[in-house]
1. Nearest 5 is fine: what % of DSSP beta bridges in chain A come out antiparallel, could you say?
2. When the convex hull of the Cα atoms of chain B is projected onto a plane and the area is averaged over all directions, what value comes out in nm²?
3. Using the Kirkwood radius built from alpha carbon pairs, what does the Stokes-Einstein equation give as D for the range B:366-424 at 10 °C and 1.306 mPa s, in µm² per second?
4. Taking θ as phi - 60°, what are the ³J(HN,Hα) couplings along the range B:60-69 by the Karplus curve (6.51, -1.76, 1.60), each to the nearest whole Hz, with x for Gly and Pro?
5. With label points built 7 Å along Cα→Cβ from the Cα atoms of residue B:390 and residue A:94, find their separation and express it in nm.
6. If you take the beta carbon distance between residue B:185 and residue B:413 as r and set R0 to 60 Å, what does 1/(1 + (r/R0)^6) give as a FRET efficiency, to the nearest 0.05?
7. Report relative contact order for chain B in percent, whole number only (criteria: Cα-Cα under 8 Å, sequence separation at least 6).
8. For the pair residue A:86 and residue B:405, how long in nm is the line joining their label points, each one 7 Å along Cα→Cβ?
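What follows is calculated from the coordinates using simple rules that are stated; it is not laboratory data. As the structure is a prediction and not an experimental result, all values here were calculated from the model. FYI the Cβ positions are ideal-geometry reconstructions off the backbone, even for glycines, and counts take in every protein chain you see.
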Amino acid sequence: MSRQKILDRLKSYSPSTPSKMKVKMPGINKGSVEVFAQKATAAGAKIFIVKDMEEVKARIKEIITDHPGNIIYSSEDLIKSLQIPNLVSEEQRESIEARVDSVITYEKNIFESNIGITSCLYAIAETGSLVLDHSDYNERLISLAPPIYICIIKSEQILENINMIANIIEPEIKLPSAYSIITGITPAADTDAQIGLGINGPKQMFIIVVKQI
Amino acid sequence: MKLSPRMFRKVAREEVAEQEQSNNRVMLASVANDLCDTAMSYYGDYSEQDKAREIAGNIRHNNLQNLAELLEWFELNATLNGMNVLWAENGEEACQMVEEIIEEHEVKTITKGKSMLMEEIDLANYIKSRTKTTLHEGDLEGFIALQNDTIRFNTAIPTLNLDLSEIVEILNHRQNMPHTNEASEVVDYIREFLRTKFKQADMGITGVNFAVASTGSLLLLENEGNIRWSTSAPKVHVAIMSIEKVCANLDDAFYLSSLISRNCTGQSITTYVSLLNGPAKKEEKDGPREVYVIIVDNGRSEVYLDDEFREALRCIRCGRCAVKCPVYLRIGAYPYGNPYPGPSGTVLMPLLLGLDETKHLYQACTLCGACMETCPVEIPHLDFFQRYRQLKASGDKEYEATSNIWNKMMFESIAKGMDNNKRYERALAGLRAYTKNFVTDNYIEKMPMPLASWFIARDLPEIPSQSFRAYWQEEGFRTAKEVKEDE
């Protein structure tokens with residue numbers, strides 16, 4: 001009822017002037033690893049640029065060793081290939097693949113984990129952002145709930161700017177349930193220099209970029 | 001206490017007095033300058049900024065020209081994506097829809113993200129008074145403002161007027177948070193508190209920055225993560241948007257989003273951008289199982305039909321106009337008494353609430369034009385404010401304006417006086433003689449009615465005993481007419 005009333009009212013206006021120009025955004029260009037690293041660092045992330053997957057494993061092991069608590073990770077191919085349980089040396093710590101959990105166990109584990117690890121679909125050099133597509137292979141809360149978040153990307157996933165993401169997503173016939181674009185950690189945004197810093201999301205963010213030569 | 005635009009003068013006086021006792025005004029001006037400088041740094045120079053404004057202005061103009069079609073297109077695609085799209089003619093209907101969703105899903109706890117539309121329709125109070133559901137504000141500053149029983153102070157930084165010790169005091173009083181001098185401890189306390197609520201929530205309610213017609217998606221911007229929580233952890237997500245929030249495609253939505261973050265918080269992009277395309281798929285472990293989008297009109301379609309005021313709906317709620325407004329910087333947000341403090345609300349609210357109810361908003365404007373020069377979507381604020389004043393003076397019934405008979409008489413007399421040189425000279429001589437009685441130390445600080453209110457916040461230098469014209473003649477200088485005749 002309300003729908004029809006609202007639409008009828010809106011339709012009773014017929015534009016007398018034709019619509020003005022449409023903005024055409026650029027095509028799809030690869031972005032620079034250095035620019036991405038610089039921007040992501042400015043947004044509060046810590047960046048490691050590594051040569052191969054062995055070095056990725058070494059970096060993850062370092063971070064895990066420095067930060068206690070359980071680890072929860074996504075089931076993307078890149079992440080599974082790291083065999084994360086093998087990187088955790090202490091027996092009392094758990095490393096959990098989110099996908100194999102039941103929903104109830106997942107809900108418990110996600111709140112009890114200290115470190116979340118995922119990959120991403122793309123990264124954006126201009127802003128230092130990560131673009132995650134959420135599915136049963138990459139749950140939404142892995143990159144949000146744990147206080148420490150690690151993301152692993154390959155340099156060829158870095159695009160120049162955000163409008164290129166629009167050009168990729170727009171023609172997709174079947175979209176994932178959600179995309180998240182994450183840029184660093186929550187900045188302090190109040191009268192005091194620290195209020196708000198990392199308030200509801202991760203407090204620390206590590207991005208490991210595999211730049212193959 | 002619930003504020004309203006009718007209380008503008010009273011609250012403004014209180015705010016000015018309070019700010020003179022603290023450094024809030026200095027702080028607000030300094031943050032405003034920082035934001036503007038940072039926003040400018042993304043443009044490079046003013047020509048770049050103008051180019052961006054032209055592009056964004058065109059996008060919004062196009063969106064509005066095709067509003068009905070875009071809304072239908074969005075509805076179709078969002079429905080195909082599995083969302084439930086509902087339409088509400090006014091705030092009450094929207095609130096009732098939320099109540100029905102709460103009942104249907106037996107919701108006990110809700111977390112909400114920051115949304116001006118929710119404040120406009122007073123959804124939080126409706127839920128509190130009509131349901132047994134507990135509603136938690138997930139946004140940090142909104143949360144603190146709520147504990148302080150106030151509305152948000154600034155679009156981007158709602159507790160800009162509070163320092164750490166005041167925040168600690170409020171949280172200690174309302175939440176029993178232990179006293180501390182460490183900001184990080186306050187953050188940790190609120191983080192843990194909100195985390196428990198996100199975990200418990202059965203439903204998340206958020207606003208919408210843009211609805212994308214071509215993909216049927218919702219685009220939401222934030223810095224804190226509370227919107228991601230509210231759209232990921234609970235089983236039901238309700239998104240509330242006003243009709244003008246629809247965009248044709250993702251290009252447009254991303255372009256406008258970048259302008260919001262630049263102009264609102266001085267960032268190139270907000271920390272989190274969520275593009276939500278529908279409920280979670282069956283196999284997904286998190287994400288809502290049901291998504292409802294409530295498209296709210298609340299008077300906007302009437303505004304849309306008025307050729308003179310349609311472009312008021314261009315606003316993307318970045319709040320840049322407020323931080324450039326000398327009135328806002330002097331009095332802060334509270335006197336405006338509506339969820340859209342500053343020039344953007346002064347454009348919209350008179351059209352929604354009527355010109356009498358909101359007269360102080362557009363009458364307080366100094367017409368300096370700073371808002372118009374900086375608006376990223378080229379809203380001509382001053383045209384609106386001047387037109388509202390005209391309509392108010394003429395007692396326009398369509399926009400609920402009644403003219404003030406005394407004002408009308410006064411301005412008609414002034415117009416008559418200024419229309420004729422002799423009458424003008426005589427009036428000025430009379431005024432000069434009359435005001436002499438009120439001069440103290442070369443200034444007039446007080447006058448009786450009907451001029452008394454003008455002098456509440458202003459002093460006028462003593463009117464010289466001789467006019468410039470009389471001085472010129474007395475000194476024997478030639479008039480322009482005489483110079484021209486000689487030539």
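1. So the antiparallel bridges amount to about 30 percent of the total.
2. Mean projected area of the Cα convex hull: 29.3 nm².
3. Answer, rounded: 116 µm²/s.
4. For the range B:60-69, the Karplus curve yields 5, 4, 4, 4, 6, 4, 10, 4, 4, 5 Hz.
5. 7.0
6. For R0 = 60 Å, the calculated efficiency reads 0.40.
7. 19
8. About 9.2 nm separates the two model spin labels.
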